[in-house]
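Coordinate-derived values only; no laboratory data. These numbers come from a predicted model, not from an experiment. Reconstructed Cβ throughout: ideal geometry from the backbone, glycine too, with neighbour counts over all protein chains shown.
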Amino acid sequence: MNSRITVCFPGGRHKALTMSYDDGTVADRRLVHIFNRNGIKGTFHLNAGLFDLSNRIEAEEVRTLYAGHEVSAHTLTHPTIARSPQEALVYEVMEDRRNLERLVGYTVRGMSYPNGSYNRAIKETLPALGIEYSRVVPSTGHFGMPDDWYEWMPTCHHKHDLLRKAEEFVELHKSQYLYLMYVWGHSYEFDNDNNWDVIEKFCEFAGGREDIWYATNIEIVDYMKAFRQLKFSATLEFVYNPLATSVWLNVAGTIVEARGGEQTSLVLG
């Protein structure tokens, strides 16, 4: 029996980068352009009830602006939900989802907590509202995978040593670990701080690398859930993938693709 089997990111990679930006202000237009130019993917957490404010993007541009990225929930009107009744939480999340889904044409399944406000009761309610992850504000400073999708801690805010963290991330090489760099913020902060050069330099440096998987938040969630759905034989000699998408495994140092809908041998040589 070969028990040296570990999950990899798509293509056998062991590093992933994801970006997470809140509120949907007009500065997202410039940020999305920077991401697209460097092959980086982002998740944009939007308040569908606030599109009519002067500094927000317009509802009509959501589908095209964020094409290739993820549109995620941020509640309808951005309340402090830990101080709200459960009925308000349900309304804020479900109405945000309904409105956003009408705009983008796909199921909105992620979220970030407005004002960073959450508690255990909220976390326990979100699965019933169709939400599969939610990002918090406190950062780890590290590149580990989350152990709680409903309390997903990012690596850092873009104000916190972003370029130094990028250099550290790019140099990581120990393939026995999965490394995730998760950056969050608000695009309007680049206007306020007059420092668009920070995100420009970061994306130019971190983007376009063969050994990094560039993914949205929900793509990472879906992929890791797909790994947990794999059906390994008791002897670990083969694995069946019941889903449609492939999952990559490191089998004693060899990268193996477990294709969707197929049984794959894990006996090498």
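Side notes on the structure shown:
- The percentage of C-alpha pairs in the stretch 79-140 whose separation is greater than 19 Å is 26%.
- With respect to the chain, whose longest principal axis is taken over its alpha-carbon atoms, helix 217-228 is tilted by about 30°.
- Among the chymotrypsin sites (Phe, Trp or Tyr not before Pro) found in the stretch 58-152, those both in a DSSP coil and sparsely packed, with 15 or fewer other Cβ atoms within 10 Å of their Cβ, are Y106.
- In the chain, the DSSP beta bridges split such that about 40 percent are antiparallel, to the nearest 5.
- Interchain or long-range residues, amide H under 5 Å from F232's placed H: Y240
- Degrees separating the helix 86-104 axis from the principal Cα axis of the chain, which is the longest one: 80
- Residue by residue, the stretch 163-173 carries 3J(HN,Hα) couplings of 5, 5, 5, 5, 4, 4, 5, 4, 7, 5, 9 Hz when phi is fed to the Karplus relation 6.51 cos²θ - 1.76 cosθ + 1.60 (θ = phi - 60°); x denotes Gly or Pro.
- Residue order, fewest to most surrounding Cβ atoms within 10 angstrom, among T245, T235, T216: T235, T245, T216
- Fewest-first ordering of V93, V62, V26 by other beta carbons within 10 Å of each residue's beta carbon gives V26, V62, V93.
- Bins of 10 Å, starting at 0 and running to the largest distance - Cα pair percent for the chain: 7, 28, 33, 22, 8, 1, 0
- Using θ = phi - 60° and Karplus 6.51 cos²θ - 1.76 cosθ + 1.60, couplings along the stretch 242-254 (whole Hz; Gly, Pro as x): x, 8, 8, 9, 6, 10, 9, 10, 9, 10, 6, x, 10
- Angle in degrees between helix 196-206 and the longest Cα principal axis of the chain, rounded to the nearest 10: 10
- As a proxy for reagent exposure, ranking W196, W213 by other Cβ atoms within 10 Å from fewest up yields W196, W213.
- Restricting the calculation to Cα atoms, the stretch 29-176 yields a radius of gyration followed by a Dmax of 16.3, 48 Å.
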